[in-house]
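Engineer: Got a structure here, written out as structure tokens. Questions coming.
Just so it is clear, none of the values below were taken in a lab; they were calculated from the coordinates. These figures come from a predicted structure and were not determined experimentally. Neighbour counts are summed over all protein chains in view; Cβ atoms, including those assigned to glycine, are modelled from backbone coordinates with ideal geometry.
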Amino acid sequence: MYKKIISIIMLLILVCTGCGKKQAEPMANDLNTIIKRDKIIVGVKTDAYPFGFKDEKGHFSGYDATLARLIARGILGSDKKIEFIPVTASDRMMKLYSGDVDMLIATMSITQKRREILDFSNSYYTAGQAILVNKGSKIRSLQDLNKKRAIIVFGSTSEGSLRTAIPSLEIIGYKTYPEAYKALKRHKADAIVADDTILMGMALKDESVELLPKKYTKEPYAAAFRKGTESKDLIKAVNKIIEIETRNGNLRKIQESYGIR
Ligand code: GLU
């Protein structure tokens, strides 16, 4: 009986000395979380043909979505182990930081300013800002937009660069690229300024608009991650996959299939 009481007291002491002591938290690691979950959650565009859009059957498609599937296959062994979350230029960072997505593959350019709050993979494509006008327009260059109106999409790099490049320009913003395109067609402004790749997607489907050939910036697209140590292993894994898929020619083939090479 006495022995029993002693062992109960010992047990209580052991339990209580553990009380109040903080367990060492395991370091957050996004790659491990994905592996444990056995699914990767990726934010992609649905408004940016041919990089991120939904096909006739409602499937997430485009170069970005295809690359995301290759990443799922590389990390989890199957391109089916993926969930896509639609994002726009203006809500993508919020969806990343709220934890809705593990990463963004969303026509997102690496910029110095974004590097302050995001981590990026290596670049998987380079676009450039260009101008889309209605056919017959007198606008032939960025300078011609002086004292005119231009359309941008909120949260895109062209929103920032245009405001500084041509301060006299009146800028109208939209949330998505299809809305921007409709506004141009209704002559609400003289041009859209955005990535050539996205504008090309519009021009390919519509002969009444014209994509001007000059590119004004370099837009290196990359996968974006929450900034910090939790992302390090995931970025390494993604970079490895981008490297393999570049070397084996897969990325080139995918680009060709979407007419972006
Ligand atoms: N690449 C540009 C950016 O990251 C424009 C495309 C977009 O709106 O996502 O802002």
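Engineer: Would you mind working out the magnitude of the charge dipole of the chain relative to its Cα centre, with +1 at each Lys and Arg C-beta and -1 at each Asp and Glu C-beta, to the nearest 20 Debye? Each step should come with its number before you reach the end.
Structural biologist: Details: 44 positive and 30 negative charges, 78 e Å.
So the dipole magnitude of the chain works out to roughly 380 debye.
Engineer: While we're here: In Å, what is the Rg of the alpha-carbon atoms in the chain, and how long is Dmax?
Structural biologist: Cα radius of gyration and Dmax of the chain are 24.1, 100 Å respectively.
Engineer: Additional query: For the range 66-114, what is the largest minus smallest coordinate of the Cα atoms on each principal axis, given in angstrom and ordered from greatest to least?
Structural biologist: If we take the Cα atoms of the range 66-114, the spans are 34, 20, 14 Å.
Engineer: Then there is this: Please work out the FRET efficiency for the pair Ile172 and Asn122, using the Cβ-Cβ distance as r and a Förster radius of 45 Å; give the result to the nearest 0.05. Present the calculation step by step, with values, prior to reporting the outcome.
Structural biologist: Values: r = 35 Å, r/R0 = 0.77.
After rounding, the FRET efficiency stands at 0.85.
Engineer: So if I place +1 on the C-beta of Lys and Arg and -1 on the C-beta of Asp and Glu, and nothing else carries charge, what would the dipole magnitude of the range 13-160 be about its Cα centre? I want it in debye, nearest 20. Don't jump to the answer; show the numbers that get you there.
Structural biologist: Values: 23 positive and 16 negative charges, 79 e Å.
With Lys and Arg at +1 and Asp and Glu at -1, about 380 debye.
Engineer: Using +1 at the C-beta of Lys and Arg and -1 at the C-beta of Asp and Glu, which of Gly228, Ala130, Pro50 has the Cα lying farthest in the positive direction of the dipole of the chain?
Structural biologist: After comparing all options, I get Gly228.
Engineer: Helix 232-247 sits at what angle to the longest principal axis of the chain, using alpha carbons and giving 0 to 90 degrees rounded to 10?
Structural biologist: With rounding to tens, the tilt is 50 degrees.
Engineer: Moving on. Taking 0.36 nm per residue of separation and subtracting the Cα-Cα distance, what length does fully extending Gln112 through Lys232 add? Before the final figure, lay out each step's value.
Structural biologist: Working: separation 120, 0.36 × 120 = 43.20 nm, distance 1.88 nm.
Result: 41.3 nm gained on full extension.
Engineer: Step by step: find N for the range 103-257, compute 2.2 N^0.38 Å, then divide the Cα radius of gyration by it. What's the final number?
Structural biologist: Working: Rg = 17.1 Å, N = 155, 2.2 N^0.38 = 15.0 Å.
With N residues counted in the range 103-257, Rg over 2.2 N^0.38 Å equals 1.14.
Engineer: Using only helices, what value at 222 nm comes out for the chain when you add -39,500 (n - 2.57) per DSSP H run of length 4 or more and divide by the total residues, to the nearest 500 deg cm²/dmol? Let's see the in-between values first.
Structural biologist: On the way: 10 runs with 101 residues, N = 261.
Computed mean residue ellipticity for the chain: -11500 deg cm²/dmol.
Engineer: Assign unit charges at the C-beta atoms only (+1 for Lys and Arg, -1 for Asp and Glu), then state the dipole size of the range 63-144 relative to its Cα centre in Debye, rounded to the nearest 20. Don't skip to the answer; put the middle values down first.
Structural biologist: Working: 12 positive and 9 negative charges, 66 e Å.
Magnitude of the dipole: close to 320 debye.
Engineer: Percent relative contact order of the range 155-261, based on C-alpha pairs within less than 8 angstrom and at least six residues apart?
Structural biologist: Values: 34 pairs, mean separation 15.3, N = 107.
RCO, the range 155-261: 14 percent.
Engineer: Would you look at the GNM of the chain, springs on alpha carbons closer than 10 Å, and say which of Asp91, Asp144, Asp196 moves the most?
Structural biologist: The residue that fluctuates most here is Asp144.
Engineer: Give me the one-decimal nm value for the distance between modelled label points at Lys240 and Lys81, 7 Å along each residue's Cα-to-Cβ direction.
Structural biologist: My value for the distance between the label points is 1.4 nm.
Engineer: A further question follows. Take the residue pairs Lys57/Lys218; Lys57/Lys95; Lys54/Lys175; Lys113/Lys185; Lys36/Lys240; Lys135/Lys214 and return only those whose Cα atoms are more than 22 Å apart. Intermediate values should be presented prior to the final figure.
Structural biologist: Details: Lys57/Lys218 33 Å; Lys57/Lys95 25 Å; Lys54/Lys175 17 Å; Lys113/Lys185 32 Å; Lys36/Lys240 20 Å; Lys135/Lys214 16 Å.
Listed pairs above 22 Å: Lys57/Lys218; Lys57/Lys95; Lys113/Lys185.
Engineer: Rounded to the nearest 10 degrees, what's the angle between the helix 2-18 long axis and the longest principal axis of the chain, both from Cα atoms, 0 to 90?
Structural biologist: Compared with the principal axis, the helix lies near 20 degrees.
Engineer: Which whole number in µm²/s is D for the range 34-93 by Stokes-Einstein, with the Kirkwood Rh taken over Cα pairs at 20 °C and 1.002 mPa s? If you can, show how the numbers build up before the last one.
Structural biologist: Values: Rh = 11.6 Å.
Value of D from the Cα-based Kirkwood radius: 184 µm²/s.
Engineer: Mind checking the angle between helix 196-205 and the chain's longest principal axis? C-alpha axes, 0 to 90 degrees, to the nearest 10.
Structural biologist: Once rounded, one gets 60 degrees.
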